[in-house]
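Quick note: the coordinates plus some simple rules give every number you see, no bench work behind them. Since the structure is predicted, the reported quantities are computational estimates derived from the model, not experimental observations. Here the Cβ is made from the backbone with ideal geometry for all residues, glycine too, and neighbour counts use every protein chain on show.
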C-alpha cells in the first residue's frame with residue numbers, strides 16, 4: 001500500500017498531456033528500485049505501461065517496489081546493469097530508460113569502479129537493447145557533468161569545468177561518457193535518444209544514510225534526533241532543489257513529447273538556496289534544538305549549482321510547481337511516518 005504523500009504526488013507527476021502515448025506499451029527501466037527509479041516505475045505502471053525493472057539493489061531498496069509486484073504490468077529482474085542479457089526474451093520494448101547509477105557523492109566515491117561500469121558498459125548494454133527493439137532511449141544524466149560551473153544559471157550549451165581524475169570523476173566523467181555514447185548511437189544507428197541532466201532532487205524515498213551526499217535527508221535525520229547538523233565548508237555554497245514529483249513529471253514530458261527527440265534538457269529548480277540557509281530552514285520546520293556545526297569542504301565541491309531551464313520551459317512547457325517549503329514539509333512528514341528512527345543514528349552520524 002502506497003503512502004498517502006506518495007499517492008498524492010504521483011497524481012501530480014502523471015499530469016502529462018501526451019501520457020496516452022504510454023498506454024498498452026512496454027518499457028525497460030534500469031535502476032527502477034532506486035529513489036528516482038522507483039518513482040518512475042510507479043508512474044509508468046500507473047499509466048498502464050508494461051514494465052520490466054532491472055536493479056541489483058546496491059543503492060535501490062526492495063521496499064520501494066514491493067507493492068508493484070502485485071501488478072500484472074510489472075516484472076522485476078535482480079541483476080547488475082552489465083548483465084542485461086538476463087532480461088527474459090519475449091518483450092518488445094517501446095521505451096528503454098537508463099537510470100541505474102549510484103548518485104550520492106559518498107556512495108559513488110566508495111564504489112568508483114562500479115559507478116564507472118554502470119554508466120559506461122551498462123549504458124552500452126542498455127543502448128544495444130534499444131537498438132534491437134528500435135526503442136526510444138532516455139538517459140538520465142546529471143548536473144555533475146558541469147563540474148564547478150562558471151556560468152550560472154547553467155545552460156545545456158555549457159561544456160563544463162570538471163576535474164577528470166578527481167574524487168567526483170567516477171560519476172561525472174562516466175555520465176559525460178554515457179551522453180557521448182548516446183549521441184554516437186543516435187548519429188550512427190538513428191536511435192531516438194533523449195537526455196536529461198537532473199539537478200538536486202529530493203522527496204520521499206531518499207535514503208537516510210550517508211554523510212556529505214544528500215543534504216536534505218541528512219539534515220532531516222539530524223534535526224529530528226537532535227544531533228548536530230553538519231555543514232561542509234561555510235555553507236555559502238548553493239544548490240537548487242527540485243521536488244521529486246516535478247522531476248518525475250519532467251521525465252514523462254521528455255519521454256512522450258516528440259520535441260524532445262535528440263535533445264538534452266536541464267531538469268531542476270532554478271531557485272538557488274545556500275546550504276546553511278537550507279539547514280536552518282529544515283531545523284525550523286522540524287522544530288529542532290540541534291546545533292549547526294562546520295566541517296572541511298570536500299575536494300572539488302561546486303560553489304554554485306543552478307540550472308537554466310528555459311529550454312524545457314519553451315519546448316516542453318515544463319517547470320517546477322512545488323515550492324521548497326511545501327516540498328520540505330511533505331518530505332519531513334513522510335520521513336516521520338515511514339522511517340525506523342532507531343536505525344538512523346549509526347548511518348548518518
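A few points about this structure:
- Using alpha-carbon coordinates, inclination of helix 35-46 to the longest axis of the chain, degrees: 50 degrees
- Normalised contact order of the chain, rounded percent, pairs of Cα under 8 Å and 6 or more residues apart: 18 percent
- Sorting 224-235, 174-185 by average packing, meaning the other beta carbons within 10 Å per residue, from highest down gives 174-185, 224-235.
- More than 18 angstrom apart: percent of Cα pairs within the range 83-231: 63 percent
- Three-way shape label, the range 1-91, alpha-carbon gyration tensor, a/c 1.5: oblate
- Top of 257, 266, 24 by mean-square fluctuation, Gaussian network on the chain, Cα under 10 Å: 24
- Volume of the Cα convex hull of the chain, divided per residue and given in Å³: 120 Å³
- Relative contact order (%) - the range 80-137, alpha-carbon pairs under 8 angstrom, separation at least six: 54 percent
- Degrees, to the nearest 10: 4-13 long Cα axis against longest axis of the chain: 50 degrees
- Seen against the Cα atoms of the chain and their longest principal axis, helix 275-286 is set at about 80 degrees.
- Per-residue Cβ neighbour counts within 10 Å put 107, 42 in the sequence 107, 42, beginning with the fewest.
- Cα-based equivalent ellipsoid of the range 62-109: semi-axis lengths in Å, sorted from largest, via gyration tensor: 23, 16, 10
- Along its principal axes, the range 1-157 has C-alpha extents of 45, 35, 30 angstrom, given from the largest down.
- Residue 271-residue 325 pseudo-label distance in nm [points 7 Å out on the Cα-to-Cβ vector]: 0.9 nm
- Taking 216, 96 and counting other C-beta atoms within 10 Å, the order from fewest to most: 216, 96
- Antiparallel bridges, percent of DSSP beta bridges restricted to the range 168-300 (to nearest 5): 15 percent
- Semi-axis lengths (Å, descending) of the ellipsoid that matches the C-alpha gyration tensor of the range 159-238: 34, 16, 10
- Ordered by the number of other Cβ atoms lying within 10 Å of each residue's own Cβ, fewest first, 18, 173 fall into the sequence 18, 173.
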